[in-house]
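Colleague: Take this structure, written in structure tokens, and hold onto it; I'll ask about it next.
The values are calculated or read from the model by the stated rules, or taken from the named source; none is laboratory data. Bear in mind the structure is a predicted one, so any value in this text is a computation, not a measurement. Using ideal geometry, Cβ is built from the backbone for each residue, glycine included, and neighbour counts are taken over all protein chains shown. For the accessible areas, the whole protein counts, side chains as well, though only heavy atoms, and no ligand, DNA or RNA atoms are used. Shrake-Rupley method; radii C 1.70, N 1.55, O 1.52, S 1.80 Å.
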Amino acid sequence: RWLIIAVTLGLGLLAGGLSATQPNSYKATVILSPVSNPTAAGRLAGQGSQVGGLASLIGLSFGGDSSKTESLAVLQSESLTERFIRDNNLLPLLFEDKWDAVNQRWKSGPPERQPTLWKGNQAFGKIRDVSEDKKLSLTALTITWSDPVIAAKWANDLVKAANELLRSEAIRESE
């Protein structure tokens, strides 16, 4: 009986100690509802076609909306992420351990070990999650970071940047 109590107490203390040393992380989630632009196949499925209704029940789509797919691709694209990192000067935040905040420069070391936009894109990909709920036609963009205000700002600003990019592309195509 004493062995069980000692093991339970020891594991409880170990779990408490580990949880106290873990840094806090906060998630900021933006729910997006992309504007639909259905094609003829999508309209047919949406107007009560039996095949379309059955297909939508099991999660299949007849390629109805390429603009929604394009929006998701832009939101996850390397070019948008790299532009976002560059415009907001996020490399020092993403690589805090390699940044000298006092001198406002990278710590000494070989140049190939210093952060680049490509490495920043990889690091940002670990804190950004884009998930899609096909049944509700909603997309969730989640940013996980140690500061809740920064996480919320990045999530909102990233959506804003994607909207501006898609809007300017649509204007360019229409011209």
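Colleague: Regarding Leu11, is this residue more than 30 Å from Val159 (Cβ to Cβ), modelled with pLDDT of 90 or more, out of contact with any His (no Cβ under 6 Å at 6 or more places or on another chain) and in a helix (DSSP H, G or I)? Walk me through it before giving the result.
Modeller: Values: more than 30 Å from Val159 (Cβ to Cβ): yes; modelled with pLDDT of 90 or more: yes; out of contact with any His (no Cβ under 6 Å at 6 or more places or on another chain): yes; in a helix (DSSP H, G or I): yes.
Spelling it out, Leu11 is indeed more than 30 Å from Val159 (Cβ to Cβ), modelled with pLDDT of 90 or more, out of contact with any His (no Cβ under 6 Å at 6 or more places or on another chain) and in a helix (DSSP H, G or I).
Colleague: Separate question: Of all residues in region 77-105 being acidic (Asp, Glu) and open to solvent by 100 Å² or more (accessible area, probe 1.4 Å), which is nearest to the chain's Cα centre (by Cα)?
Modeller: By that ranking, first place goes to Glu78.
Colleague: Find the residue count for region 106-123, including only residues that are open to solvent by 70 Å² or more (accessible area, probe 1.4 Å) and either in contact (Cβ under 8 Å) with a residue 60 or more places away in the chain or within 17 Å of Arg86 (Cβ to Cβ) (or both).
Modeller: 2
Colleague: For region 153-171, enumerate the residues that are within 16 Å of Gln76 (Cβ to Cβ), in contact (Cβ under 8 Å) with a residue 40 or more places away in the chain and of a type outside the set (Gly, Ala, Ser).
Modeller: Within region 153-171, Trp154, Asp157, Leu158, Val159, Leu165, Leu166 meet the criteria.
Colleague: Is one or more of the residues making up region 138-152 surrounded by 14 or more Cβ atoms within 10 Å (Cβ to Cβ), free of Cβ contacts under 8 Å to residues at least 60 places away in the same chain and of a type outside the set (Phe, Trp, Tyr)?
Modeller: yes
Colleague: Okay, moving on. From the list Glu169, Glu78, pick out the single residue that is out of contact with any Ser or Thr (no Cβ under 6 Å at 6 or more places or on another chain) and more than 24 Å from Ser33 (Cβ to Cβ).
Modeller: When all the criteria are applied, what remains is Glu78.
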